[in-house]
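Heads up, the thing below is written out as structure tokens.
The values are calculated or read from the model by the stated rules, or taken from the named source; none is laboratory data. Note that this is a predicted model, so its numbers are computed, not measured. Cβ: placed from backbone, ideal geometry, glycine included. Neighbour counts: every protein chain shown. In case anyone asks, the SASA skips ligands and DNA or RNA and just uses the protein heavy atoms, side chains included. Shrake-Rupley method; radii C 1.70, N 1.55, O 1.52, S 1.80 Å.
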Amino acid sequence: MSNNMKNISAQRLAEMVRSGEISATEAVTYYIRRASEDPWGAYITLMEKEALSAAEAVDKRIASGEYLPLAGVPFSVKDNICTEGVKTTCASHFLENFIPSYSATAYLRLLASGAIPVGKTNMDEFAVGGEGDTSYFGTSLNPLDRTKATGGSSSGSAVSLASGSVLLSLGSDTGGSARLPAAFCGVYGMKPTYGSVSRFGLVGMAPSFEQICPMSASLDDNELLLRVITGKDLRDMTSKDISYEQFDGDKPLRVGVFLPDECDLDVRSAVKCAAQKLSDRMWNVENVSLPESAEAVRVYYTLSSAETYSNLARFDALRYGRMSERGTVIDSRSEGFGKTLRERIAEGVYVLEHNGGEVYRRALELRRKIRVGMESLYEEYDVILTPVCHTALPDRGSLGYSGDLFMVYANLCGCPALVIPLGRDGDGLPVGVQLMANCGGEKLLYEVGRIMEGRDVT
Ligand code: GLN
């Protein structure tokens, strides 16, 4: 069985389970074993008991004739997404033993579609970071090469996919956190249109920027997962039903390419090669620049740190979290939060309080300008192609802010962005490229992605 299961797609596995070729219980037993042998530190908590009882329930639902789009498909869940009765730590010492009494809507939608949860994945503490190295539980290693960056903050989700212990994963992305690790680990990550996926049950970092995101080992599975988790949820006031722009294969698309000179050679050739595939279809492919590109990263950090500061204020060890032996809120937070998170919160305090909030107001104004600039860009171009990072696959610990420029636009503007592991560097390791579109452009992104992979549109 194991050989069949290794490179199988979620769609194919679900078909096999639906047709009775394999039971959900048999399938999941295989993936649980892989997850429990995981040497890369992908997981914080394994969900063996929950997985087996979910699989049994799926087998019964199939036997009673129910149609389940993700029957028996194993998935992992970033540990900032609440799972009733199962620890949700946000990779923080502070929430080390937190067990939520309810589940996130996206997670419940996956269970309803027949998918099986295998475990909660490692991440940067409270999603603050870009390499997975702020986790209280240690950094997840990149299974493709352990000397290279894994990317973060959804590091464990990407690793669980790349190492084959699941076929789908739920990550989250505030400023690149699903897309960067996807690219570095050679898998797919989509940051959907703001509001299209409910954030109910996501322990937020910066709510006006983030979404729960589909991550997967194949492009088609990513789209299937998005379809399952998307849709209005009365428990999230920002969620809405999105009408996706349809793709018309006969109409030439207009493609803008943003490729700054500072990008390294492997990155440049991956983006150029992707652009070539699109101009081969006689599409109009032109170089573009992005609005306020000297300021965008700063605007992101200014505004998101202010949101992180206020959003995390509820973690006072009275309502949630581990109380210090000294019994005070301030000691509990200082002991429970790691250094990077404490620094980020301090930045947020500065942003909101310095000069009567002037820094914050200026950044808000720039965010508005960036949004307006992107809106006009999308009047001229249907999709925008960019690198994921200036360097192809950085060494562990060397990433810094070099991934942020390409990531933050989608979060600042609420637009969708898809990362595809398209190219290869000199060592045969993946080099991701990113496609962005205006809100509701997810379908376009998936179809253009298929074309870049040299496949037919669906
Ligand atoms: N690196 C970014 C930050 O630290 C992204 C975080 C995220 O997307 N959750 O803010």
TODO: Those residues that are closer than 25 Å to residue 296 by Cα, assigned to a loop (DSSP other than H, G, I, E, B) and not aliphatic (A, V, I, L, M), I need them from region 203-228; list them, please.
DONE: 204, 207, 208, 209, 210
Open item on the list: Is it the case, given these coordinates, that residue 430 is within 16 Å of the ligand (Cβ to nearest atom) and under 23 Å from residue 159 (Cα atoms)?
Closed with: no
Open item on the list: On the basis of being at pLDDT below 95 and over 21 Å from residue 205 (Cα atoms), does residue 357 make the cut?
Closed with: no
Task: region 107-137, residues that are open to solvent by less than 10 Å² (accessible area, probe 1.4 Å) and of a type in the set (A, V, I, L, M, F, W, C) - done: 110, 115, 116, 118, 123, 126, 127, 128
Open item on the list: Conditions first: (1) of a type outside the set (Val, Ile, Thr); (2) touching a residue at least 24 places away in the same chain (Cβ under 8 Å); (3) more than 30 Å from residue 185 (Cα to Cα); (4) exposed (fewer than 13 other Cβ atoms within 10 Å of the Cβ). Residue 379 passes all but one, so which condition is the exception?
Closed with: (2)
- [ ] Kindly indicate whether residue 446 is open to solvent by less than 10 Å² (accessible area, probe 1.4 Å), among the hydroxyl-bearing types (Ser, Thr, Tyr) and under 29 Å from residue 366 (Cβ atoms).
- [x] no
Task: Failed item, numbered, when residue 271 is tested on (1) surrounded by fewer than 14 Cβ atoms within 10 Å (Cβ to Cβ); (2) assigned to a helix (DSSP H, G or I) - done: (1)
Task: Residue in region 141-152 that is away from the ligand (no atom under 16 Å from the Cβ), of a type in the set (Asp, Glu) and out of contact with any strand residue (DSSP E or B) (no Cβ under 6 Å at 6 or more places or on another chain) present - done: yes
TODO: Kindly check whether there is at least one residue in region 41-59 that is part of a helix (DSSP H, G or I), open to solvent by 50 Å² or more (accessible area, probe 1.4 Å), touching a residue at least 12 places away in the same chain (Cβ under 8 Å) and farther than 15 Å from residue 74 by Cα.
DONE: no
Open item on the list: If the requirement is being closer than 20 Å to residue 393 by Cα, touching a Phe, Trp or Tyr at 6+ places or on another chain (Cβ under 9 Å) and either within 13 Å of the ligand (Cβ to nearest atom) or assigned to a strand (DSSP E or B) (or both), which of these qualifies: 130, 119?
Closed with: 130
- [ ] Mind listing whichever residues of region 232-255 are assigned to a loop (DSSP other than H, G, I, E, B), under 28 Å from residue 379 (Cβ atoms), in contact with a strand residue (DSSP E or B) (Cβ under 9 Å, 6 or more places away or on another chain) and not hydroxyl-bearing (Ser, Thr, Tyr)?
- [x] 241, 242, 245, 252, 253
- [ ] Would you mind stating whether residue 143 is open to solvent by 10 Å² or more (accessible area, probe 1.4 Å) and on the phi < 0 side of the Ramachandran plot?
- [x] yes
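For every residue, the table says whether it meets (1) of a type outside the set (A, V, I, L, M); (2) open to solvent by less than 50 Å² (accessible area, probe 1.4 Å); (3) within 16 Å of the ligand (Cβ to nearest atom).
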position	(1), (2), (3)
291	yes, yes, no
323	no, no, no
336	yes, yes, no
354	yes, no, no
Open item on the list: If residue 82 meets every condition in (1) out of contact with any strand residue (DSSP E or B) (no Cβ under 6 Å at 6 or more places or on another chain); (2) open to solvent by 50 Å² or more (accessible area, probe 1.4 Å) apart from one, which number is that one?
Closed with: (2)
TODO: Determine whether region 155-163 contains at least one residue that is part of a loop (DSSP other than H, G, I, E, B) and either more than 12 Å from the ligand (Cβ to nearest atom) or touching a Leu at 6+ places or on another chain (Cβ under 6 Å) (or both).
DONE: yes
Open item on the list: With the requirement that a residue be within 11 Å of the ligand (Cβ to nearest atom) and in a loop (DSSP other than H, G, I, E, B), what does region 165-202 give you?
Closed with: 174, 175, 176, 177, 178
